[in-house]
Amino acid sequence: MKELNFECPINPLSLGNVSINFLKEIYKRGIKTNIFPHEKKIDVSSFNLLDGDFLDWVKKNSESPLKNYKREIPTLKVWHINGSEKMLGENQYLYTFYEVDSPTKEEINIVKAQKHVFFSSSESANLFKKAGCDNVSYVPLALDEDFYVTKRKYLDEDIVHFGLIGKFEQRKNTGALINLWVKKFGNNPKYQLTCLVGNPFIEESKMKNLIQQSCGKNIPNNVNFLGRLKTNEEVNDLINAIDIDLSGLSNGEGWNLPSFNATALGKWSIVTNCSSHKDWATRENSILIEPAGRQPCYDNMFFKEGLPFNQGNYSKIDEKGVMDGIERALKVAKQENKEGLKLREKFTYSKSIDKILTKIQ
């Protein structure tokens, strides 16, 4: 491939991380790329380990992408289905994420309008195939090469350190998980819980209320809530510091980078056996718990009933399953997850981009 239009968000959020890693692989292949940042904004402040030449390339190719723009040049777009009806040209390939189970007519039409749609989850791709979309496939995500095992000691060896990373959201069971943990381990010095659960779409006052509801009147002295970490290097340190990850206890995911990253760095993540988790989490590399059924996805915040997008159900978990997972995780908490470390080789962004470019070519 000689030339590509690439439309994507470039920011510290999950889609921004995916976009940067895709761009790194495209850059390595020497493909002429017209970069169209979402809303014409670029924020690479969290990617403090990026190569300077690559950053210069991103800046240069995003300053005036229309100078080389032609409608017939293939476009790779990283975005939600909602909004992807807007196209730079006639050959748009979409990389997207889907977390529920009932594709709407609007979503189906947008997917069909693309040349091809790559889903981060095989389950999601199959749902759209069953809905009549014959232009979809599954392409997995991977571990950012800037995430690595530090081999540092962070807390006393006698302390079991739990971590919860990801936006505070009902789908992710954030509040319920914190509440369960506090009931079992609150103020017990043998255990620590560190939460990186900020959500830029929730007002600060509401976030404080959500945390208070999760913890009770007083936050236990062994529960830590971190503000936004400025760099991925700091996030990498956090993952390396924990023993047990709770981020996998979600009702539905398009991939779940926090849980996957923790597992690939040799930590033990307790993971709901559902949605995209099935593409990478196994009984050998994760503490799997089975869903306790399905439930409507609507939270009146990110999933609203009756809208043209994100309708249907996702999985649900119960207290019994979570506590069973925690008990099993405690037995291996201080052991390196050797099977998890193998994910770094099995899933790479190089392989992901190869699959995407092969389809585009």
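The values are calculated or read from the model by the stated rules, or taken from the named source; none is laboratory data. Note that the coordinates shown come from a computational prediction; the quantities given were computed from them, not determined experimentally. Cβ: placed from backbone, ideal geometry, glycine included. Neighbour counts: every protein chain shown.
Listed values, structure above:
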quantity	calculated
Residue within segment 14-24 that is in a loop (DSSP other than H, G, I, E, B), in the same structural domain as LEU76 (by TED's automatic domain parsing) and under 23 Å from THR231 (Cα atoms) present	no
Residue list for segment 263-284, filter: in contact with a strand residue (DSSP E or B) (Cβ under 9 Å, 6 or more places away or on another chain) and of a type in the set (D, E, K, R)	LYS267, ASP279
Some residue of segment 177-186 being of a type outside the set (A, V, I, L, M, F, W, C) and surrounded by 14 or more Cβ atoms within 10 Å (Cβ to Cβ)	yes
Single unsatisfied condition, PRO220 versus (1) over 16 Å from ALA329 (Cα atoms); (2) in contact with a Pro (Cβ under 9 Å, 6 or more places away or on another chain)	(2)
Test result for ASN236, assigned to a helix (DSSP H, G or I) and either modelled with pLDDT of 95 or more or more than 18 Å from ASP144 (Cβ to Cβ) (or both)	yes
Any chance GLY312 is closer than 30 Å to THR75 by Cβ, touching a residue at least 24 places away in the same chain (Cβ under 8 Å) and outside the structural domain of GLN114 (by TED's automatic domain parsing)	yes
Some residue of segment 99-108 being more than 30 Å from GLY293 (Cβ to Cβ), of a type in the set (A, V, I, L, M) and buried (at least 16 other Cβ atoms within 10 Å of the Cβ)	no
Checklist (1) surrounded by 20 or more Cβ atoms within 10 Å (Cβ to Cβ); (2) within 19 Å of GLU145 (Cα to Cα) applied to GLU339, failing item	(1)
Criterion: part of a loop (DSSP other than H, G, I, E, B), surrounded by 22 or more Cβ atoms within 10 Å (Cβ to Cβ) and either hydroxyl-bearing (Ser, Thr, Tyr) or assigned by TED's automatic domain parsing to the domain that holds PHE119 (or both) - qualifying residue of SER276, SER247, SER259, SER214	SER247
Which listed residue, of LYS230, LYS267, is basic (Lys, Arg), crowded, with 21+ Cβ neighbours inside 10 Å and touching a residue at least 12 places away in the same chain (Cβ under 8 Å)	LYS267
Inter-residue pairs, beta-carbon under 7 Å, first in the same structural domain as LEU76 (by TED's automatic domain parsing) and more than 17 Å from TYR69 (Cβ to Cβ) and in segment 27-41, second assigned to a strand (DSSP E or B) and among the basic types (Lys, Arg), 6+ apart	none
Residue in segment 139-151 that is assigned by TED's automatic domain parsing to the domain that holds MET87, over 20 Å from ASN261 (Cβ atoms) and among the aliphatic types (A, V, I, L, M) present	no
